[in-house]
Each structure stands twice: as C-alpha cells, then as structure tokens.
Amino acid sequence: CGLGMGGMAIRRVEDLGKDCPALVEGGMKGVRASFTRLILILLSIFLALKSMEFLSKMLGKKTAMVEEKDALAGRGTKMAVSGSHAIFKNALDQDFKGMEMLQIGMGCFWGAEKKFWTVEGVVSTAVGYSGGYTPNPSYEEVCSGRTGHNEVVRVVFDPSKTSLSSLLKVVS
C-alpha cells in the first residue's frame, strides 16, 4: 500500500481504496504523509548527487599533479624548527647517531605521525614535505595542491629495538 513507496508502483487514486483500506479510513492524511515521504526521499537523493558532484570537483583538483610552471612561488627562508618534540622530548633537528630513519607519506601527516608515537623502538618523529617545486612551502600552500609536495613523516628508530618491516606494518 502506498504511493510508490516500497515497490515503487504508482497507482491510480481510485484503486487505492481497494488495496489500502487504511488509506480510505484515514482520508487525505495518508496521501499527504506518503507524498511528504516521497518528497523527502527525492530531496535526499538530490542532495546526495550534489554532494558527489562537489566531491568529484574537489578531488579532481587534488589528483592532478601541478606542473612546475604553475607551482606557487614559495619563499627563500626555511620554516623555523623550535624546541623539542612534544612526545619524545628530544630536539627535532638533532643528529640521531646510531639510529635509522624512515620517511613515509600517507596523505595527511598528522594522523600518520601519531601512529608511530607508541611503537617500541621509535625515538622521534617529525612531519614535513617531500618533493615538490615550491621552495619552503607553508602548510596552507601544500594543502592547496599547487606546490607538488607530499606530506610526509620522518620516523627515527633504534634498529636494535625495531625493524623497517615492523614499522611498515604499522601503516599497512
């Protein structure tokens, strides 16, 4: 019973009383409720399609690599690195003698870096950018997709406590 709900069958109004006695008893309230549900379903479908169109446009811009001639200009000075690591409490720019390093890109670096904070043998992490054309880009510039850079995480680890293959399992 209903106006196209469920099985999507459209029925003539005259036939509704035969198939759906409750509709006849409820009068036009049942028709209005069914019509309202139909409008809400159509509105939901429309909004879903518009969302997909929007995402397609946004993702389309990020999936094409910027050409060097179209990259942002950037700047000549490097970003200042200050203080110590908030989790590991060591200097971010120190020389990690006897340690090994892994640089890994996984999209957004914030979540990727956090995955390594509790891994046995990891002694430091840092986020940054790799590749690209824009000299010394800002976070906003890299996020624009117009620098050619990847967001990466540098993982410094003690090879006597963990291995490269163990670290790669963290992100697989």
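Brief remarks follow.
- Label-point separation, K69 to L40 (7 Å along Cα→Cβ), nm: 5.5
- Sequence ranges 157-165, 82-90, 113-121, ranked by mean other-Cβ count within 10 angstrom, highest first: 113-121, 157-165, 82-90
- Amide H contacts of Y129 (H built 1.01 Å from N, under 5 Å, at least 5 apart or other chain): V152
- R37 exposes around 120 Å² of accessible area when a 1.4 Å probe is run over every protein chain in place.
- Label sites at S84 and D158, each approximated as a point 7 angstrom past Cα along Cα to Cβ, lie 1.6 nm apart.
- Computed Kirkwood radius, in angstrom, where 1/r is averaged over Cα pairs of region 96-172: 13.1
The values are calculated or read from the model by the stated rules, or taken from the named source; none is laboratory data. Just so it is clear, the structure is predicted and the values come from calculations on it, not from any experiment. Because the Cβ atoms are built from the backbone with ideal geometry, glycine has one as well, and the counts that use them run over all protein chains shown. Ligands, DNA and RNA are stripped out before the accessible areas are found, and what is left, the full protein with its side chains, is counted by its heavy atoms. Shrake-Rupley method; radii C 1.70, N 1.55, O 1.52, S 1.80 Å.
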